[in-house]
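Attaching a single structure in structure tokens format; questions to follow.
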Amino acid sequence: ALTCPGRNGWQSILHGCNAGTISLDGCLQCQGDYRLVIALDFSATMLRQVDDFARRELGDEYGAGAPGRAGLALARADIARLPFASGSLGAVHASAAIHCWPAPENAVAEVARVLRPGGVFVLSTFRPRGPLYAAGASSAYRFWTGEELRALTRQCGLVDFHSIERDPAFIMVRVCKRDAA
């Protein structure tokens, strides 16, 4: 397992790093809360796009960070088998990804494993009746309601469920790993 020592031990990963734009936003907006943002994707092609984008936007030394900005690292991995030590990450953000995961229960359990106590998991996905959903059509995607996501995250030991469902097509959820007692 990788260890991720950083300022105050806090690290963050972004799964489904989306050609770099989400990864860089996470990196630029950390404002000192995280020492390192790790853009993680199963797709080597997507990670190459992130690397190209980061080099253009931040320069060749993007991994080192800068005042007011976390460093950025790239990792190719399966969300259901994360290469991080248990309790080592301060946050995980999975942007528009859970509907693509072949075993979402395993993936969310794995996220819960790598989060440190008090760590935050934010995910977003398409909802039924969203842009990828056609009533009655078969689909390779799994669409989630807020209650299904609440049940899934609770089953994996995550607490403090909050969701934003303003748009009929998308849902964003924030949950936390229970603090150590």
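Rule-based calculations on the coordinates, nothing more; no lab input. Worth saying up front: this structure is predicted, and the values here are computed from it rather than measured. All Cβ positions, glycine included, derive from the backbone under ideal geometry; neighbour counts span all protein chains shown.
Hey, what do the phi angles of the stretch 162-178 turn into as Karplus ³J(HN,Hα) couplings, whole Hz, using 6.51/-1.76/1.60 and θ = phi - 60°, x for Gly and Pro?
Computed from phi, the couplings for the stretch 162-178 are 9, 10, 10, 10, 5, 8, x, 9, 10, 9, 10, 10, 10, 9, 10, 8, 3 Hz.
Show me 37-47, 167-177, 76-86 ranked by packing, highest mean number of other Cβ atoms within 10 Å first.
Going from most to least packed, we get 37-47, 167-177, 76-86.
Can you compute 3J(HN,Hα) from phi for each residue in the stretch 52-57, using the Karplus curve 6.51 cos²θ - 1.76 cosθ + 1.60 with θ = phi - 60°, rounded to whole Hz and x for Gly and Pro?
Ordered by residue, 3J(HN,Hα) equals 4, 5, 5, 4, 5, 7 Hz.
Further question on the same structure: Would you mind checking which residues have amide H under 5 Å from residue 94's amide H? H placed 1.01 Å from N; only 5 or more apart, or other chain.
15, 122, 123, 124
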